[in-house]
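So the structure is just underneath, and the comments pick up after that.
Taken together, the values in this text are just the output of simple stated rules run on the coordinates, not laboratory data. Computed from a predicted model, the values in this text were never measured in an experiment. All Cβ positions, even for glycine, are placed from backbone atoms using ideal geometry, and neighbour counts span all protein chains on display.
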Amino acid sequence: MRVLGSYNEAGGQGKTTSAVSIAMCAAEAGHRTVLIDLDPRGAATEWIDVEPKSAGLHIGSILANDGVEGWAEELAVPTRWHKNLRVIPSDRSVSNREKDSTPGLELRLRESLADLDADVVILDCPNRQGGPLTLSAFHAADAIIYAASPTSDGVSGVRGAQRSVAEFQRLMERMNSTTTLREAGIVLGNLSETVISRVAKNAIDELRETGLLLTPIVPARTIVQESRTSGEWYGHFRKGEPVLSAYQEITRKVLQ
Ligand SMILES: Nc1ncnc2c1ncn2[C@@H]1O[C@H](COP(=O)(O)OP(=O)(O)OP(=O)(O)O)[C@@H](O)[C@H]1O
Ligand SMILES: [Mg+2]
């Protein structure tokens, strides 16, 4: 089982778009996939239009309890989108965990994945640095995908995220932990191709210099935003094809 987290320390960088897109591309490619929405705002939950199997059975219950081995399998909800795609939904109340200092809280997500019947798990992270939600993702993930838009916020958000990953790696090393968190690469998305501004060019250059840039760059298409509002997969629309094919190739790369 592969566990990938979609992360950036700035807001509005395409974390959710990339998490949902990679999860759906993995599902369509035949991988049994579970998308876990770790963001209390629940953007992925809303987009895929899923609800907990019963009240309270969202990601918050995993993060709020001890002895959660195997809970992910119980909480994963089938989707209308694809038979290979299940989702563990989020909820506004998940934000309470950001103020929760229970020792070991950040290990619960990883523990909950025991015996999960999936080939691929994708974590949609909130843009909070260092808190219990992000740390839960770092402990659970094998690799982090940095999602970025071609803006200066995108670049600084990736830099911040890389520092957090490096700090986490050092901490794990000091604790002689066998956990290794890799960087899967940077997904650069939402690039408007009509006019590529100087800001966008600079951002692309700076992200390329990290050596982590995954290609192709994902183009901007309004259908992505529209399909989110209507709870649909943009991949079902002809206008979404350029975005879909970019994410398909990126998915192949991050899963190989
Ligand atoms: N390829 C694309 N084409 C068009 N719009 C896009 C594309 N990628 C992302 N967007 C839009 O950019 C906005 C931000 O994307 P998204 O919500 O995925 O970012 P995020 O990093 O998850 O944000 P947050 O920090 O709020 O969680 C959304 O309105 C989304 O629809
Ligand atoms: Mg998001």
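If packing is taken as the mean number of other Cβ atoms within 10 Å per residue, what is the order of 39-50, 115-126, 173-184, highest first?
115-126, 39-50, 173-184
In region 2-255, the DSSP beta bridges split such that about 5 percent are antiparallel, to the nearest 5. Rounded, prolate or oblate for region 84-177? Axes are the square roots of the Cα gyration tensor eigenvalues, ordered a ≥ b ≥ c, and the cut-off for rounded is a/c under 1.5. Cα axes put region 84-177 in the rounded bin.
Excluding same-chain neighbours fewer than eight residues apart, the lysines reachable from LYS253 by a Cα-Cα span under 29 Å are LYS15, LYS83, LYS201, LYS239. Descending by average beta-carbon neighbour count within 10 Å, the peptides 76-84, 9-17 line up as 9-17, 76-84, the highest first.
Computed over every Cα-Cα pair of region 10-68 and binned at 5 Å starting from 0, the pair-distance distribution P(r) comes out as 4, 16, 23, 23, 18, 13, 3 percent.
Order by neighbour count: SER227, SER95, SER21, SER197, fewest other Cβ atoms within 10 Å first, most last. Can you show the working numbers first?
Working: SER227 20, SER95 17, SER21 29, SER197 11.
So the residues, fewest neighbours to most, are SER197, SER95, SER227, SER21.
The label point for GLU209 and the one for GLN256, both projected 7 Å from the Cα toward the Cβ, are 2.7 nm apart.
For MET175 and GLN129, the FRET efficiency from 1/(1 + (r/R0)^6), where r spans their Cβ atoms and R0 equals 25 Å, is about 0.80. Shape summary: the chain maps onto an equivalent ellipsoid whose semi-axes, from the alpha-carbon gyration tensor, are 27, 22, 16 Å in decreasing order.
In this Cβ point-charge picture (+1 for Lys and Arg, -1 for Asp and Glu), region 2-157 has a dipole of about 220 debye about its Cα centre. 222 nm [θ] for the chain, helices only, -39500 (n - 2.57) per DSSP H run of 4+, per residue, to 500? Theoretical 222 nm ellipticity from helices: -12000 deg cm²/dmol. By the beta-carbon count within 10 Å of each Cβ, the least crowded to most crowded order of MET24, MET172, fewest first, is MET172, MET24. Ordering GLU193, GLU232 by the number of other Cβ atoms within 10 Å of each residue's own Cβ, fewest first, gives GLU193, GLU232. Summary value for the chain: 25 percent relative contact order, contacts being C-alpha pairs under 8 angstrom separated by 6+ residues.
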